[in-house]
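Undergrad: Supplied in structure tokens, the structure appears directly below.
The values are calculated or read from the model by the stated rules, or taken from the named source; none is laboratory data. Everything quoted here is computed from the prediction, not taken from an experiment. Neighbour counts are summed over all protein chains in view; Cβ atoms, including those assigned to glycine, are modelled from backbone coordinates with ideal geometry.
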Amino acid sequence: MDWNNDGLEDFILGDMDGYVNFFQRYDDGIYDLQAPVHIQAMGEDIDVESMAGPACVLTAFDGTRTRLDWNEDGLWDLAVGAESLTGTPTLRVYLNTGTNENPEFESYSFIKAAGEDIHVSRLNPHIVDLDGDGKKDIIAGNHYGDILFFRNIGLNSNPVFAEQVPLYSNGQPIDINTGSKIWPEDMNGDGTLDILASDYDGLIYVFPGLPQTLIEDNETEGNQPSLIRMLSSPVSGGNIEVSLSIPSRQNIILRMFDSSGRVIYSSDLGLLEPGVQSQVINISEIAPGVYFVSVQGELASCSRKVTVLR
Ligand SMILES: [Ca+2]
Ligand SMILES: [Ca+2]
Ligand SMILES: [Ca+2]
Ligand SMILES: [Ca+2]
């Protein structure tokens with residue numbers, strides 16, 4: 001991560017005392033780092049009281065990384081999570097008012113979710129477009145070993161976050177016991193972001209991502225080969241009727257996810273012949289809300305957002 005845009009990779013590390021440390025690389029050797037200095041705002045060290053968790057890169061849905069530009073003004077910014085022993089909100093963003101070569105920060109704002117300040121103990125955020133809608137979201141570890149997802153329901157240049165939800169694995173909220181720290185990375189090279197996590201005991205976990213779990217591609221439906229068509233949405237009855245256009249003989253899995261990525265329905269349809277197939281998902285037991293119906297083929301996959309009304 002190149003903090004000062006000089007072409008040399010630097011380190012930005014938070015510490016227990018609440019400071020954000022800049023280890024500037026002065027040459028291309030792995031040990032060629034200057035002694036750390038505290039990143040400052042308004043001429044004073046940034047101090048989030050304890051357990052600073054800085055985030056200054058943005059991970060796109062395809063895994064590519066750039067520097068974090070929170071408000072998309074071309075200047076790289078800094079987000080910092082915190083522990084909050086005193087009740088201070090635990091996620092703040094410092095907007096860069098200087099340059100990318102010499103960042104300057106005047107002040108910060110506390111980031112809200114569902115209109116409220118965020119209070120998550122030892123929040124350590126990563127900024128990532130997890131749902132692939134082109135807008136930056138937040139995933140974060142915390143003191144309790146959860147991995148939390150804050151979906152951006154605003155703009156990419158002016159994010160507004162929905163209420164935090166846990167990320168799920170195998171149908172259960174992820175809980176790695178204590179002190180989750182996270183990093184999105186396509187560890188298995190299948191083109192879908194996975195989540196690497198560590199805990200206070202020194203264990204390292206990988207949570208493989210499910211392909212295309214949360215893609216909303218309603219707008220691009222006409223431009224792409226489509227495996228799936230929702231016959232009705234929003235739906236309010238007891239069933240969702242799904243029409244599958246199978247271009248070639250292949251194994252197909254039909255799933256439905258809730259908005260946090262939790263699998264609420266999964267059916268292995270087996271080897272299907274080419275043609276149009278109709279499938280029905282019983283939704284009489286699920287709550288109103290936004291869901292995603294996903295079709296996973298061997299050669300392609302796609303998903304559709306569906307709104308369930310009651
Ligand atoms: Ca640098
Ligand atoms: Ca900016
Ligand atoms: Ca997003
Ligand atoms: Ca992957």
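Undergrad: What number goes with the only condition from (1) more than 16 Å from ligand 3 (Cβ to nearest atom); (2) at negative phi that Gly74 does not pass?
TA: Checking Gly74 against (1) more than 16 Å from ligand 3 (Cβ to nearest atom); (2) at negative phi, the one that fails is (2).
So that you can scan it fast, the table gives a plain yes or no per residue for (1) at pLDDT below 80; (2) within 20 Å of the chain's Cα centre (by Cα); (3) among the hydrophobic types (A, V, I, L, M, F, W, C):
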residue: Thr213; (1), (2), (3): yes, yes, no
residue: Val235; (1), (2), (3): yes, no, yes
residue: Leu254; (1), (2), (3): no, no, yes
residue: Val263; (1), (2), (3): no, yes, yes
residue: Leu272; (1), (2), (3): no, no, yes
residue: Ile281; (1), (2), (3): no, no, yes
residue: Gly297; (1), (2), (3): yes, no, no
residue: Arg310; (1), (2), (3): yes, no, no
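Undergrad: Next question, about the same structure. Inside the stretch 115-146, can you point out the residues that are of a type in the set (A, V, I, L, M) and within 16 Å of ligand 3 (Cβ to nearest atom)? Steps first, answer last, please.
TA: So the first thing to find is which residues in the stretch 115-146 are of a type in the set (A, V, I, L, M), and the list is 118, 120, 123, 127-128, 130, 138-140.
Listed by number, the residues that qualify are Ile127, Val128, Leu130, Ile138, Ile139, Ala140.
Undergrad: From the residues in the stretch 174-192 that are in contact with a Leu (Cβ under 8 Å, 6 or more places away or on another chain) and part of a loop (DSSP other than H, G, I, E, B), which one is modelled with the lowest pLDDT?
TA: For the stretch 174-192, the residue satisfying everything is Thr192.
Undergrad: Next question. Considering Thr64, Thr97, which residue is without any contact (Cβ under 8 Å) to a residue 24 or more places away in the chain and within 16 Å of ligand 4 (Cβ to nearest atom)? Talk me through it step by step, then tell me what you get.
TA: Numbers: Thr97 fails: within 16 Å of ligand 4 (Cβ to nearest atom).
The conditions single out Thr64.
Undergrad: Taking Gly289, is it modelled with pLDDT of 80 or more, surrounded by fewer than 16 Cβ atoms within 10 Å (Cβ to Cβ), over 29 Å from the mean Cα position of the chain (by Cα) and not polar (S, T, N, Q)?
TA: The answer is no for Gly289.
Undergrad: Those residues that are within 14 Å of ligand 2 (Cβ to nearest atom) and either of a type in the set (Lys, Arg) or within 19 Å of Phe150 (Cα to Cα) (or both), I need them from the stretch 73-93; list them, please. Steps first, please.
TA: First, the residues of the stretch 73-93 that are within 14 Å of ligand 2 (Cβ to nearest atom): 73-79, 93.
Result: Asp77, Leu78, Ala79, Val93.
Undergrad: Is it the case that the stretch 87-109 has a residue that's in a strand (DSSP E or B), away from ligand 1 (no atom under 16 Å from the Cβ) and among the polar types (S, T, N, Q)? Don't jump to the end; show me each part of the working.
TA: At the first step, the residues of the stretch 87-109 found to be in a strand (DSSP E or B) are 91-96, 105-109.
In the following step, the residues that additionally are away from ligand 1 (no atom under 16 Å from the Cβ) were identified as 91-95, 105-109.
Next, from what is left, pick out any that are among the polar types (S, T, N, Q): 107, 109.
Checking the stretch 87-109: at least one residue is in a strand (DSSP E or B), away from ligand 1 (no atom under 16 Å from the Cβ) and among the polar types (S, T, N, Q).
Undergrad: Report those strands (runs of 3 or more DSSP E) wholly inside the stretch 1-68 carrying at least 1 residues which are out of contact with any Lys or Arg (no Cβ under 8 Å at 6 or more places or on another chain) and surrounded by fewer than 19 Cβ atoms within 10 Å (Cβ to Cβ).
TA: 11-14, 20-23, 65-67
Undergrad: Taking the condition without any contact (Cβ under 8 Å) to a residue 60 or more places away in the chain and in a loop (DSSP other than H, G, I, E, B), does Glu83 pass?
TA: In short, no.
Undergrad: Here's another thing I want to ask about it. Let me confirm something: among Ile139, Ile127, which residue is within 16 Å of ligand 4 (Cβ to nearest atom), part of a strand (DSSP E or B) and modelled with pLDDT of 95 or more?
TA: Ile139
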